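S.K.: Submitted below is the structure of interest, expressed as structure tokens.
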Amino acid sequence: MDCSFIDATSKSCKGVIAALEGAMPAMQKGSEVKVKVSGIPDKIDVYAWAKRKGHRVASEDKNGTLYVLGIIKG
Amino acid sequence: MMLMVSVQDLEEAKQAVIGRADIVDVKNLQETLIGANFPPVIKQVREAFPKEIHVSVTLGAVPNQVGTVALAVYGAAMLNATSVKVGFVNTDYKTALDILVESKKAIEGTNTKLIAATFADSHLYGGLDPKSVISLAKESKSDGMLIDTLTKDGRNLFDFMDENTLKSMVDEGKELMMSTALSGSLKIGDFDELVRINPDIVGVRGAACSDGDRYGGKIASSAVRRLKDELERRISGELDVYA
């Protein structure tokens, strides 16, 4: 399975979503992108965005206040 | 998530900033429940703090007069407000859109952001559907949206709109790259829901007053600090908002 990575820790919440939106067109259905975000608000935004767009958050790893979320393109 | 505290004068603004408010929202409770304050007050508050402290200006529920509102919005921009909020109650969709479009034109080239606002309890006043704020903001290219309440009788935002509805609106607003704000007699007891909804901004007044009284009370730094601390405890995960 293809997997790309986005470090969104320096981005605002809108920047996180914009980065994911930007990455999706080049991805094939079923492939995964991992995104690193800097806290709970960004994590909540990513879950909400994935649900609205028909993608799936398949994994969540926590490291201190950082989260790495694995999103499968729907 | 930023904490916005509604203030009526410079002294209240200072208390809000000492208590670590991110935004001071200048309004005038004597002029309807959510009216606009006077330019000298707004100027005084803006000049008292660095740009990092956002100073927003509330115009309240505006009249159905496109030019009048656009000029007021322009005035807020000339006072270097970080944002200016234009609220609609008894306004039809088209007029509200015209007002926002002209208001946006009026502040072109300034750093002031235009925020479209509706009221969750608008139906009690025969007003505009609060959910229309998203399309109004989108069509007018406003920078953000706010949902507030007009009723100040102890009921709050969640008495008029449920968490799922608000969450869906906030998510849609964020997807459109708007700033999203929720307000309306919010208290610490609402913070779990608010963090789950995750707007960019949470607005308070009564809960930031020394005695919890939005009219008789005054903004107290200790109350603001407590609100900020409680919000941060939830955002950091110290308190689980899903528990």
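The values are calculated or read from the model by the stated rules, or taken from the named source; none is laboratory data. Only a predicted model underlies this, so the values are computations on that prediction, with no experimental measurement involved. A quick note on method: Cβ atoms are made from the backbone with ideal geometry, for glycine too, and the neighbour counts reach across all protein chains shown. The protein model used for the area step is the full one, side chains on, heavy atoms only, and it has no ligands, DNA or RNA in it. Shrake-Rupley method; radii C 1.70, N 1.55, O 1.52, S 1.80 Å.
S.K.: Averaged over peptide A:40-53, how many Cβ atoms belonging to another chain are found within 10 Å of each residue's Cβ?
M.R.: Details: counts 10, 7, 1, 2, 11, 6, 0, 2, 10, 3, 0, 1, 5, 1.
The per-residue average across the peptide is 4.
S.K.: On to the next question. Report the residue, chosen from B:81, B:208, B:48, that carries the largest GNM mean-square fluctuation when chain B is represented by alpha-carbon nodes joined by springs under 10 Å.
M.R.: Among B:81, B:208, B:48, the largest GNM mean-square fluctuation belongs to B:48.
S.K.: Here's another thing I want to ask about it. Return the single residue from B:154, B:35, B:212 with maximal mean-square fluctuation; model: Gaussian network over chain B, springs between Cα atoms under 10 Å.
M.R.: Per the Cα network of chain B with a 10 Å cutoff, B:154 tops the list.
S.K.: Also, I was wondering about something else. Enumerate the calculated ³J(HN,Hα) couplings along the range B:115-129 in order (Karplus 6.51 cos²θ - 1.76 cosθ + 1.60, θ = phi - 60°), each rounded to whole Hz, writing x wherever the residue is Gly or Pro.
M.R.: 10, 8, 10, 10, 10, 4, 9, 4, 4, 5, 10, x, x, 5, 4
S.K.: Which of B:195, B:24, B:86 moves the most in a Gaussian network model of chain B with Cα springs under 10 Å?
M.R.: Of B:195, B:24, B:86, the Gaussian network model singles out B:195 as fluctuating most.
S.K.: Next question, about the same structure. Hey, any idea what the orientation-averaged projected area of the convex hull of the range B:85-243's Cα atoms comes to, in nm²?
M.R.: If I average the Cα hull's projected area over directions, I get 10.0 nm².
S.K.: Separate question: Apply the Karplus curve 6.51 cos²θ - 1.76 cosθ + 1.60, θ = phi - 60°, to the phi angles in the range A:18-30 and return the couplings in whole Hz, x for Gly and Pro.
M.R.: 4, 5, 5, 4, x, 7, 5, x, 7, 8, 8, 4, x
S.K.: Below 13 Å, Cα to Cα, which aspartates and glutamates can residue A:29 reach? Residues fewer than 8 away in the same chain don't count.
M.R.: Result set, ordered by chain and number: A:2.
S.K.: Under 13 Å Cα to Cα from residue B:14, which aspartates and glutamates show up? Leave out anything in the same chain fewer than 8 places away.
M.R.: Those aspartates and glutamates meeting the cut-off are B:22, B:25, B:47.
S.K.: Name the residues whose placed amide hydrogens come within less than 5 Å of the amide hydrogen of residue B:113, ignoring near sequence neighbours (fewer than 5 apart) on the same chain.
M.R.: B:83, B:84
S.K.: Of all the accessible heavy-atom surface of chain A, with the other protein chains kept in place and a 1.4 Å probe, what percent is carbon and sulfur?
M.R.: The C+S portion of the solvent-accessible surface of chain A is 50 percent.
S.K.: With +1 assigned to the C-beta of every Lys and Arg and -1 to the C-beta of every Asp and Glu, and no other charges, what is the dipole magnitude of the range A:3-72 about the Cα centre in debye, to the nearest 20?
M.R.: In debye, rounded to 20, the range A:3-72 gives about 200.
S.K.: So what is the calculated 222 nm ellipticity per residue for the protein assembly as shown, using -39500 (n - 2.57) for each DSSP H run with n of 4 or more, over all residues, to the nearest 500 deg cm²/dmol? All intermediate terms of the calculation are to be shown ahead of the outcome.
M.R.: Working: 11 runs with 118 residues, N = 317.
Rounded to the nearest 500, it is -11000 deg cm²/dmol.
S.K.: Quick one: 3J(HN,Hα) in Hz for the range B:107-112, Karplus 6.51/-1.76/1.60 with θ = phi - 60°, rounded, Gly and Pro as x.
M.R.: Once rounded to whole Hz, the list reads 10, 4, x, 9, 8, 7.
S.K.: Under the classification rounded if a/c is under 1.5, otherwise prolate if a/b is larger than b/c and oblate if not, where does the range A:3-72 fall, given a ≥ b ≥ c as square roots of the Cα gyration tensor eigenvalues?
M.R.: The shape class here is prolate.
S.K.: Right, here's the next one. Given 10 °C and 1.306 mPa s, how large is the Stokes-Einstein diffusion coefficient of the protein assembly as shown in µm²/s, with Rh as the Kirkwood radius over Cα pairs?
M.R.: My calculation gives 79 µm²/s for D.
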